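Okay, so here's the structure we're looking at.
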Amino acid sequence: MAELTALESLIEMGFPRGRAEKALALTGNQGIEAAMDWLMEHEDDPDVDEPLETPLGHILGREATSSEEGGPEVPGSAAGEGKPALSEEERQEQTKRMLELVAQKQREREEREEREALERERQRRRQGQELSAARQRLQEDEMRRAAEERRREKAEELAARQRVREKIERDKAERAKKYGSMGTRPSPPAAEPGPVPSSPSQEPPTKREYDQCRIQVRLPDGTSLTQTFRAREQLAAVRLYVELHRGEEPGGGQDPVQLLSGFPRRAFSEADMERPLQELGLVPSAVLIVAKKCPS
């Protein structure tokens, strides 16, 4: 029984002649199975039907005939002369074997594609797990950094509060030291006995002690100055304030001023200038009058 050539077998199985010739050429004419493998692997290529430039006789491993080379045809020669024809049963049997081979190759291809799909799915799942683990590590790092930032901010806040408390304690100590030194200052000499004050501002100080006093000073031109002084400050501080803030008088330099109480009228002496305001009965508030001091 004569066998079909590889090219004829591929054509019998339904492959286009151009594809069959190309598959045999590119597989080195190693047989029908190699050509079928190539055809099944490259059936979706866009250039699968493009012909090769290599002469057909060298592709298929046979010498070109005189008709293929363009030479004169030998009389009486015809395609397939000297080759016994196959009977219908032999042709069907051979076609059946080729179809079984094609089905087997198709199954092998499907199994290979299924294995590749499973491998791609495993790779995708593995990459997804790695991505999820990386995302979780990133979230943990962000949470850890946020916790560290909160601890740092809390520590800075506590340190700032501690600095504020220390400053308050230092201020308290400085004020206590300052007022303590003022309290231990020797008392000025007692003033000469004068008329007994009758106004409420000149009454003996009550048990309640004031830290400050508000003094209103009336100037000769009718204007007034108001300032708050500490109760332990001397009356000389009030006189100095008036001399610094009264307006310029026409005619030249400023004369020293003399302070008078409101009612009853009392002129404060130089000895009174060294006495604290609280001892003179000017706390918590008083009204003083400025008069020009007569030259001696």
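The values are calculated or read from the model by the stated rules, or taken from the named source; none is laboratory data. What you see is a predicted model; the values in this text were computed from it and never measured. Glycine gets a Cβ as well: all are built from the backbone with ideal geometry, and neighbour counts include every protein chain shown. Heavy atoms of the whole protein, side chains included, go into the accessibility calculation; ligands, DNA and RNA do not. Shrake-Rupley method; radii C 1.70, N 1.55, O 1.52, S 1.80 Å.
Looking at (1) within 30 Å of residue 5 (Cβ to Cβ); (2) of a type outside the set (A, V, I, L, M, F, W, C); (3) open to solvent by 100 Å² or more (accessible area, probe 1.4 Å), which is the one condition that is false for residue 145?
The single condition residue 145 does not satisfy is (1).
Quick check, is residue 37 surrounded by fewer than 14 Cβ atoms within 10 Å (Cβ to Cβ) and modelled with pLDDT of 80 or more?
It is false that residue 37 is surrounded by fewer than 14 Cβ atoms within 10 Å (Cβ to Cβ) and modelled with pLDDT of 80 or more.
Looking at region 238-284 only, could you name the residues that are modelled with pLDDT under 90, assigned to a strand (DSSP E or B) and under 27 Å from residue 208 (Cβ atoms)?
259, 260, 261, 266
Take residue 135 and decide whether it is open to solvent by 100 Å² or more (accessible area, probe 1.4 Å) and at pLDDT 85 or above.
Answer is yes for this residue.
Taking residue 106, is it more than 27 Å from residue 35 (Cα to Cα), open to solvent by 50 Å² or more (accessible area, probe 1.4 Å) and either modelled with pLDDT of 60 or more or not in a loop (DSSP other than H, G, I, E, B) (or both)?
Taking the combined requirement at face value, the residue does not satisfy it.
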